[in-house]
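These notes concern the structure reproduced below.
None of the figures in this text is laboratory data; all of them are computed from the coordinates on show. The model shown is predicted, which means the values in this text are computed figures rather than measured ones. Methodologically, a virtual Cβ is constructed for each residue, glycine included, from the backbone with ideal geometry; neighbour enumeration extends over all protein chains shown.
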């Protein structure tokens, strides 16, 4: 089969449509989610200088929407002090198979105290992670966990 002079421009256009357009749409939606989440973090009362990003804004294939996971410098310091307390020594380790490893209290990736912001359909929701327990910051049944965080949720959060 002989290709004509019109084949390559049409093939290039189809490749652009198949790859380029979805990539542009994802980039625009990610930027929109990033802006909304950053505004929500500011409204939450967390200063921009305190934010330590654990996971940048990215699409969540499991639940849909976009997530950003952060902690703060204050929460990192409080978490480190909490783990250094001898009565909390058991929480200072994690297991990989049968091997017990000490947590790196200087690494934001190892922190057990974090905030997750989820953007979907133009709305941002917040949750708090305290030692692996994701909680709604306004749920009265979970105040024991969320009260450990440096920044408490305003009353309007997730309402």
GNM of the chain, Cα pairs under 10 angstrom: of 56, 137, 86, the biggest fluctuation goes to 86
State, as an integer percentage, the relative contact order of region 74-150 based on alpha-carbon contacts under 8 Å between residues 6 or more apart.
21
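Pairs of Cα atoms under 8 Å, at least six residues apart: use those to get the relative contact order of region 6-156, whole percent. Could the numbers behind the result be given before it?
Values: 184 pairs, mean separation 29.3, N = 151.
That works out to 19 percent.
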Label model pair residue 15, residue 91: point-to-point distance (7 angstrom along the Cα→beta-carbon line) in nm is 5.5
Give me the extension gain from residue 52 to residue 38: residue separation times 0.36 nm, minus the current Cα-Cα distance, reported in nm with one decimal.
3.8 nm
Between 53, 42, 71, find the one with the highest GNM mean-square fluctuation for the chain; connect C-alpha pairs within less than 10 Å.
42
Region 7-146 - convex hull of the alpha-carbon atoms, volume per residue in Å³:
173
Full-extension gain between residue 60 and residue 23, please, as 0.36 nm times their residue separation minus the C-alpha to C-alpha distance.
11.7 nm
Gaussian network model of the chain, Cα within-10 Å springs - most flexible of 109, 11, 23:
11
